Amino acid sequence: MRKLLSCVTFALCAAGFASATAAAGPADLQAQYAAEAAIQPSATRGETFFTQKHGKEWSCSTCHGAPPVRDGEHVMTRKRIAPLAPAFNPEALNDRARADKWFKRNCGDVLGRACSPAEKADVLAYLTGQRK
Amino acid sequence: MKSARLAAALCPALALVFACAAHADGMAVPAHTPAAYTQECSACHTAYPPGLLPAASWKRIMGSLDKHYGTDASLDDKAVAELSRWLQANAGTYKRAVDTPDARITSAAWFVRKHREVEAHTWKLRSGGGPFNCTACHAGAVRGDFSERNVRIPK
């Protein structure tokens with residue numbers, strides 16, 4: 001009985017762990033940011049945000065291109081940047097920690113502050129809206 | 001035994017020559033490099049051998065990642081702690097590992113001297129990006145190979 005219980009516990013834990021760490025797809029990420037912001041994401045607002053400068057030297061599109069469906073290039077380091085639009089790059093925006101890391105860095109560079117969850121949700125809507 | 005003693009005697013002498021210094025310190029890449037070091041640093045630039053800068057420079061760099069040579073290169077606290085420990089343990093202690101005011105490898109006098117023949121337009125090539133991009137000319141840079149015969153300057 002005890003063995004059965006521990007088996008069940010293990011299975012439940014494993015299931016919980018799997019769902020918590022499952023690779024969040026771009027749609028999940030967008031839903032998470034939208035829920036945090038309590039807004040309906042807008043691809044149009046996202047496009048404006050992505051392509052405009054925000055008081056500093058660069059916009060998102062300076063390095064990622066607009067729309068970001070082809071390789072971009074970092075304006076300073078010249079490093080190749082894979083397309084951000086998920087339809088053109090299966091690796092894009094499928095991990096919350098990685099997305100948060102790059103939003104923190106790039107919002108610092110582009111806006112000089114952190115991006116709000118609403119801004120992130122809008123940008124995600126713009127990016128996931130790009131189709132082949 | 002004899003050969004070990006001979007090597008010990010020879011090494012300080014050879015250290016004057018670039019090659020020996022490279023294996024003792026500086027250019028040599030530690031046997032164990034954390035995956036995060038390669039992954040995070042080379043997302044933007046060459047993952048520099050830690051011996052190229054002294055501990056004081058690495059400390060300043062890791063303490064100001066949000067203002068990292070013109071861009072925000074923030075990492076989470078756990079990654080900063082792990083990489084800082086490793087950088088401190090493997091920082092350079094030989095003569096070329098100098099702490100310049102801006103903590104740049106490329107500001108050191110030896111770097112400037114070694115690269116004096118590189119023309120201004122070469123540094124500006126799109127394929128290179130600038131002096132920070134070791135691998136543009138030193139294909140083996142991440143392995144610590146900066147030997148002159150393996151240099152390929154892009155046109």
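The values are calculated or read from the model by the stated rules, or taken from the named source; none is laboratory data. These figures come from a predicted structure and were not determined experimentally. Using ideal geometry, Cβ is built from the backbone for each residue, glycine included, and neighbour counts are taken over all protein chains shown. Accessible surface is based on the protein model in full, side chains and every heavy atom, while ligands, DNA and RNA are left aside. Shrake-Rupley method; radii C 1.70, N 1.55, O 1.52, S 1.80 Å.
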Taking segment B:63-88 on its own, how many of its residues are in contact (Cβ under 8 Å) with a residue 40 or more places away in the chain, outside any loop (DSSP other than H, G, I, E, B) and either surrounded by fewer than 14 Cβ atoms within 10 Å (Cβ to Cβ) or of a type outside the set (A, V, I, L, M, F, W, C) (or both)? 1
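Can you pull out every residue in segment B:110-135 that is within 14 Å of chain A (Cβ to nearest Cβ) and open to solvent by 30 Å² or more (accessible area, probe 1.4 Å)? Break it down into steps so the answer makes sense when it comes.
Looking only at segment B:110-135, we keep the residues that are within 14 Å of chain A (Cβ to nearest Cβ), and these are B:122-135.
Residues satisfying the conditions are B:TRP123, B:LYS124, B:LEU125, B:ARG126, B:SER127, B:PRO131, B:PHE132, B:ASN133, B:THR135.
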Considering segment B:25-57, residues that are within 14 Å of chain A (Cβ to nearest Cβ) and of a type in the set (A, V, I, L, M, F, W, C), and then whichever is nearest to B:GLU82 (Cα to Cα), we arrive at B:ALA36
Return the pairs, sorted by first residue and then second, in which the second residue is assigned to a helix (DSSP H, G or I) and open to solvent by 10 Å² or more (accessible area, probe 1.4 Å), the first residue lies in segment A:104-132 and is within 14 Å of another protein chain (Cβ to nearest Cβ) and under 22 Å from A:ALA87 (Cα atoms), the beta carbons are less than 9 Å apart, and the residues are 6+ apart or on different chains. A:ASN106/A:CYS60; A:ASN106/A:CYS63; A:ASN106/A:HIS64
Scan segment A:103-117 and give yes if some residue there is surrounded by 15 or more Cβ atoms within 10 Å (Cβ to Cβ), in contact with a Lys or Arg (Cβ under 6 Å, 6 or more places away or on another chain) and either of a type in the set (Lys, Arg) or not in a helix (DSSP H, G or I) (or both), otherwise no. no
For segment B:137-151, does any single residue satisfy the condition of being within 14 Å of chain A (Cβ to nearest Cβ), modelled with pLDDT of 90 or more and assigned to a loop (DSSP other than H, G, I, E, B)? yes
Residue pairs within 8 Å by beta carbon, gap of at least six or interchain, first lying in segment A:76-93 and away from chain B (no Cβ under 14 Å), second open to solvent by less than 40 Å² (accessible area, probe 1.4 Å) and β-branched (Val, Ile, Thr), listed first then second, are A:PRO83/A:VAL69; A:ALA85/A:VAL69; A:ALA85/A:THR128; A:PRO86/A:THR128; A:ALA87/A:VAL69; A:ALA87/A:THR128; A:PHE88/A:VAL69; A:LEU93/A:THR128
Could you look through segment A:60-81, keep only residues that are over 24 Å from A:ARG113 (Cα atoms) and of a type outside the set (Lys, Arg), and pick out the one that is surrounded by the most Cβ atoms within 10 Å (Cβ to Cβ)? A:VAL69
Conditions first: (1) exposed (fewer than 15 other Cβ atoms within 10 Å of the Cβ); (2) without any contact (Cβ under 8 Å) to a residue 12 or more places away in the chain; (3) within 14 Å of chain B (Cβ to nearest Cβ); (4) not in a helix (DSSP H, G or I). A:LYS56 passes all but one, so which condition is the exception? (2)
Which condition number does B:ARG60 fail, the rest of (1) away from every other protein chain (no Cβ under 14 Å); (2) touching an Asp or Glu at 6+ places or on another chain (Cβ under 8 Å); (3) outside any loop (DSSP other than H, G, I, E, B) being met? (2)
